[in-house]
Every structure is written in structure tokens, then in C-alpha cells.
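Taking it in order: structure first as C-alpha cells, then the write-up.
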Amino acid sequence: MTLAQEVKQIILEQSKRANVGHIGSNLSIADIVTSLYTSILQISDPDDPERDRFILSKGHASLALYASLYLKGWLTKEELNTYCGEDSLLGVHPEHKLKGVDFSTGSLGQGLSMATGAALAARYQGSQRRVFAVISDAECNEGSTWEAVMFAAHHKLANLIVIIDLNGQQAIGYTEQVLSLSPMSERWKAFGWDVHEVDGHNSSQIINIVEGLNTVDDLPHVLIAKTTFGKGVSFMERQIKWHYYPMSDEEYQQALNEIRGS
Amino acid sequence: MRAAFAQTLADLAENDSRIVMLTGDLGYMALEPFSQRWPERFINVGVAEQNMVGIATGMAEAGLLPFIYSIVTFATLRPYEFIRNGPVLHKLPVRIVGVGGGYEYGTAGPTHHGLEDVGVTRLQPGLTVVAPADHQQARSAFQATWNLPGPIYYRLGKDDKTTVPHLNGSFKLGHTQNIRQGKDVLLISMGNITADVVVLADLLALEGIEATILVVSSFNPDPTDDLLATLAGFKVAITIEAHYITGGVGSLVSEIVAEHGLNCRVVRCGIRNSPDGLTGSQSYLYQKHGLSKQALFETTLRALSKDREVNG
């Protein structure tokens, strides 16, 4: 099984064990987050001040992050199994007190501002470290996202790399029907960003593009990652229901089989 | 208080490279002592207060010490959830500097009146609130708190001239300042209306009524012990603040009196009405909302006479 498959399997296992939803949102970014943790983020230790920062601004997809932290060895199996439990630091949205989580998120539209500050701090401190933020397409509904977009472009924060999970869905509707975000690439270009369109399920493409970025003196970078909500589980793909629904036993078994066989 | 803040911060920055200042496009003819001395550590983020708080959170996580500046309402209310989920949740040393509490921007209209900022900020556990009574106290409060490990909200006035008699710039976090001793009534004041409260005490003295004045200049930690000790000796306490009567010093005193079962009547002087959209100077608006010296004087006399009726 690939690491991405393991991440997806953990997403399913933990969602089933805790009987909670947000499964589709997690599967949407599983390949992106796995790529970050396996091949992109330079983190020798989660407490190293010079580590790259990662902000999961769409905090409701925290299981993809927890699974990655577990596979890195920064989270034990026992800790992972406390997901959504009493007195657990592993809630549905990430908490910074958990080793490996740089910033608490969960309120959409806040992560990019914090990422921007983290990138600005690196510049102030003369550090080469980079800041990565994964945001959802629906987070671009939030005005505060665009405040940060303008600021980062104005200050040419080349060490800031945003990955947009462009799955076309939000909590209770499709983005094109709720609040159109098209054309996404042109919008970010118009705001002064270095824009790359990628397949959000193609790890090597994501990794290659990030490796080619000038993170020293350039514009801030955005990867507009086309993704499929619920990717890899046929009955979840592009279905609004799987933003919130937990799985029945039968659905869980089928989902596991499809992920393992993919 | 603004000038004291900008100058003191500029001096501190000399020996502390962590200090940076962000403004939400405000502070013309106020922040220059810092911005001209440290241009590379000063950023106008534009009219974007939410982003300003988010940026400050990201910078503080990396070990910097960001001071963010705006008018009271825009510093606290617009980005409130960013403050809650940023510096408060992460326990990071972001300093939120709001200028113009109460009706200092009186003629600017209701959008600029800072009437609930202390209430909403003291509501957040771990967010220290500093509301100095004059520019001398602002300077010493700033010196005493700027390097605390957690987040701080400073409510600064625009007035850099008026001084509160007998305060002499004293400040101790989590304590009140007692600037007048009298046995008949307890006046508890917050913020830049305190100079008027001293005049109120003079007016009362002409009537043979001797007032004690306590200045509350910080919350979280609250000056509970000091208030308790003094409240225990009075039958009537008048709280005075250019703030809604809910959330600020009147609320704090009422909470303490109720929780400890003190035999003291609390009369809260502050703004009670919904905004009516009408503008006016600070002194006019004080008069309109029962905060003029004369109105406070009458309120105090009424409270004392009622107390005599009740207690013989």
C-alpha cells in the first residue's frame, strides 16, 4: 500500500471509529497532504524553529493531517485512536498544542492570514524556511482570505506557497451554485500571485512544481489543485452528503475495499 | 497616551529586535516616533484588520513581538474572532493597541465610539486588558506589561496632556490605584474619564461628602483583592466609565459584590442606550449619557440619599 493509501485508510478507520463525517473533504486533500509530508516539507523536528510551517486552513480535514503526522512518527497509534475522544487534542479541527500542528484552525478564512504572518516573520528573521497553507476553494468566499492574498502579493512573499483544494464543493452546495469562484486562476493572477494549475491527486506533479518554485525572490505561489471530493470512494465522489455524514458498516467496508484496491 | 506609546515602543525596539509594529492604515501624526526610527519594522497592512491580527499571530508564533494599531472599534470588534482564535487560543504575545476609547472620536459618529471594547476583550481568558487613566499611567503601564508572555489589549486615549491628580503615573497589573481617601462614598473609575472623577470628588467635598477613588486600569488579572478590600468598607460604590454599563468596570465590581455577598450598593455610570446615530463632542456626549461631572454629582447624591433612606 502506498503512503497515500495508508493516509486514506486511516481517514476511513478513524471516521468510522469516531462515527463522524468530513470524510469527503479529507479524501479530497489526502494526496496533497501526503505529498507535503513525504516529499516537500522540510521539518527535521516539529519543534525546530527553522522548520517549514504548514497550516491546514481547511481545518475540518484534520484527519489527513493526523494520519500524516502518525506516519511521520510524531503521533502514536494510541494518540491517533483518541480522535474525537474525551480530553483528546485530536478534534475534528487541528489544535496547535498537538505536536506537529503549527496553528489551530477551524474557522475558515483565518489560516491564510496566519500563514502570511509566518512567511513575513521568516523574512524578518533572515530565514529560508517556507510556509505552506492548504485552503479550500470555499474559503475564498471569506473576505479575509483576499486581505491576505493582497498583502502577500504586495510584499512579494515568495516563501509562501498556497495550495487550493479546488473540489468545487462546500458544506451544503456546489461552489458554482453557491458563490462562483471562477475563474480561480485568473483571480489569483490578477491579485499578483504566481499561479500553477495542478492535478491535486497527482503527487509527482505537485512535488515537481513545488521543487521548481523560487521561494526567495519572486511572487507568492499558489497551486490551484483540481481535486475530487471524496476521491477514491465511488459513492462519496462529488456528493454533498459526504461533507457531514458518517459511514454505515456496509459503506465503511466498501470504502475500505475501494481505497485498498485503488 | 498615543505619543507615550509610540515613543516608548521606539525606545524599547532599540534593544529588542523582536518588536515590530503593524497598523491598519491609522496613526498619522501619532506613530511617527516609531515608523521614522524603525521603517523596516513598521508595516501599514492597509485597511484590513482581520488580516492584521492573523499576520501578527503568524509572526508571534515565530518569536516576534508584534504591536498592532487601530482605532478601538476596528482593533477589537472587526477582527474579534481572529483575536479569539489567534493570540488568545495560541497564547501568543500579540499586542493590540486601540486608540480612542469611549467618546474620544465623538464627532466621528457611532462607528467610531469605543463603548464595548473592554467588555469583549476582558471576556477572553488570558487576554490582559490595560486601560490607563492618563498618559503618565499609560507609559508606566506599558513599561510594566509590554513583555508579558500572553496577549494584551491596550485601550489608549488620544489625550497626551491631561493628568489625573495624585495618580502620578502609578500602575500595578492586577491592582487598583487608590488616589483619594474618603469615608462616605467609593468612586471606581476606568480610563480617561478618571480626571473628571477627581473633579466629581471635589464637588462632593464641597457638600461635605468625602470620597475614596479607586482607579481600575487592568483586567485579566482583575484587581479583585484590592476591590474586595475597599468595597467592604462602603455602603455605596459608584462605577464610572466611558463604556457601556455592561462588560466594563461596573460589571466587574458588580460581579465581585454579588459573588462575595458584600453589603454594598453598586451604581453603574456608563452608556445605557442604543446608539441613536447622533454625533457630538466628547463632553456633549458625556452630558447626554449622564457622564458629565454635574450628572455624576447628582447621581452620587441620589445614591447616597437612597442609601440613607434604606439604612436610616
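Does B:PRO110 meet the test of being touching a residue at least 12 places away in the same chain (Cβ under 8 Å), over 15 Å from the mean Cα position of the chain (by Cα) and more than 11 Å from chain A (Cβ to nearest Cβ)?
Yes.
Let me confirm something: among B:SER281, B:SER251, which residue is in the same structural domain as B:THR194 (by TED's automatic domain parsing) and surrounded by 20 or more Cβ atoms within 10 Å (Cβ to Cβ)?
One residue alone meets the criteria, B:SER251.
If B:GLU81 satisfies all but one of (1) within 12 Å of chain A (Cβ to nearest Cβ); (2) in a helix (DSSP H, G or I); (3) touching a helix residue (DSSP H, G or I) at 6+ places or on another chain (Cβ under 7 Å), what's the number of the condition it fails?
Here B:GLU81 clears every test but (3).
Would you check if there is a residue in region A:125-140 being more than 13 Å from A:ARG53 (Cβ to Cβ) and within 8 Å of chain B (Cβ to nearest Cβ)? Step through it out loud before you land on a result.
Of region A:125-140, the ones more than 13 Å from A:ARG53 (Cβ to Cβ) are A:126, A:135-140.
Among the residues that remain, those that are also within 8 Å of chain B (Cβ to nearest Cβ) are: none.
No, region A:125-140 contains no residue that is more than 13 Å from A:ARG53 (Cβ to Cβ) and within 8 Å of chain B (Cβ to nearest Cβ).
Out of everything in region A:189-206 that is farther than 30 Å from A:LYS241 by Cβ and assigned to a helix (DSSP H, G or I), what residue ends up being farthest from the chain's Cα centre (by Cα)?
Of all residues in region A:189-206, those farther than 30 Å from A:LYS241 by Cβ come to A:189-196, A:204.
Then drop every residue that is not assigned to a helix (DSSP H, G or I), which leaves A:189-190, A:204.
Numbers: A:LYS189: 21, A:ALA190: 24, A:SER204: 17 Å.
Out of the qualifying residues, it is A:ALA190.
Spot the failing condition for B:VAL118; the list is (1) touching a helix residue (DSSP H, G or I) at 6+ places or on another chain (Cβ under 7 Å); (2) closer than 30 Å to A:SER57 by Cα, and only one is missed.
With (1) touching a helix residue (DSSP H, G or I) at 6+ places or on another chain (Cβ under 7 Å); (2) closer than 30 Å to A:SER57 by Cα applied to B:VAL118, the lone miss is (1).
Please work out which one of (1) under 25 Å from A:ALA30 (Cα atoms); (2) of a type in the set (S, T, N, Q); (3) touching a residue at least 60 places away in the same chain (Cβ under 8 Å) is the condition A:ASN141 fails and give its number.
Failed condition: (3).
Restricting to region A:91-108, count the residues that are out of contact with any helix residue (DSSP H, G or I) (no Cβ under 6 Å at 6 or more places or on another chain) and either under 18 Å from B:GLY58 (Cβ atoms) or without any contact (Cβ under 8 Å) to a residue 40 or more places away in the chain (or both).
Going through region A:91-108 one residue at a time, the tally reaches 6.
Mind listing just one residue for me: the one in region B:54-78 that is polar (S, T, N, Q) and part of a helix (DSSP H, G or I) and, of those, farthest from the chain's Cα centre (by Cα)? Break it down stepwise before answering.
In the first step, residues of region B:54-78 are kept if they are polar (S, T, N, Q); the result is B:57, B:70, B:73, B:76.
Applying the additional criterion that residues be part of a helix (DSSP H, G or I) yields B:57, B:73, B:76.
Numbers: B:THR57: 23, B:THR73: 13, B:THR76: 13 Å.
Looking at residues that are polar (S, T, N, Q) and part of a helix (DSSP H, G or I), I get B:THR57.
Name the pairs whose Cβ atoms lie under 7 Å apart, with the first residue in region A:27-44 and in contact (Cβ under 8 Å) with a residue 24 or more places away in the chain and within 14 Å of A:ILE10 (Cα to Cα), the second among the basic types (Lys, Arg) and surrounded by 24 or more Cβ atoms within 10 Å (Cβ to Cβ), and 6 or more positions between them or separate chains?
Filtered contacts from region A:27-44: A:LEU27/A:LYS8; A:ALA30/A:LYS8.
Condition first: among the hydroxyl-bearing types (Ser, Thr, Tyr), within 12 Å of chain A (Cβ to nearest Cβ) and either buried (at least 18 other Cβ atoms within 10 Å of the Cβ) or in contact (Cβ under 8 Å) with a residue 40 or more places away in the chain (or both). Now tell me which residues in region B:13-60 satisfy that.
Across region B:13-60, the qualifying residue is only B:THR57.
So in region A:11-25, with the set limited to residues that are among the aliphatic types (A, V, I, L, M) and surrounded by fewer than 23 Cβ atoms within 10 Å (Cβ to Cβ), which one is nearest to the chain's Cα centre (by Cα)? I'd like the intermediate steps shown before the answer.
In the first step, residues of region A:11-25 are kept if they are among the aliphatic types (A, V, I, L, M); the result is A:11-12, A:18, A:20, A:23.
Filter once more, keeping what is surrounded by fewer than 23 Cβ atoms within 10 Å (Cβ to Cβ): A:18, A:20.
On the way: A:ALA18: 21, A:VAL20: 19 Å.
Restricting to residues being among the aliphatic types (A, V, I, L, M) and surrounded by fewer than 23 Cβ atoms within 10 Å (Cβ to Cβ), the top hit is A:VAL20.
The rows are residues; the columns are (1) modelled with pLDDT of 95 or more; (2) of a type outside the set (A, V, I, L, M, F, W, C); (3) under 20 Å from B:GLN136 (Cβ atoms).
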residue	(1), (2), (3)
B:ALA3	no, no, yes
B:LEU22	yes, no, no
B:LEU26	yes, no, no
B:SER35	yes, yes, no
B:PHE42	yes, no, no
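The values are calculated or read from the model by the stated rules, or taken from the named source; none is laboratory data. The structure displayed is predicted, hence computed values, not measured ones. No Cβ is skipped: glycine too gets one built from the backbone with ideal geometry, and neighbour counts run over all protein chains shown.
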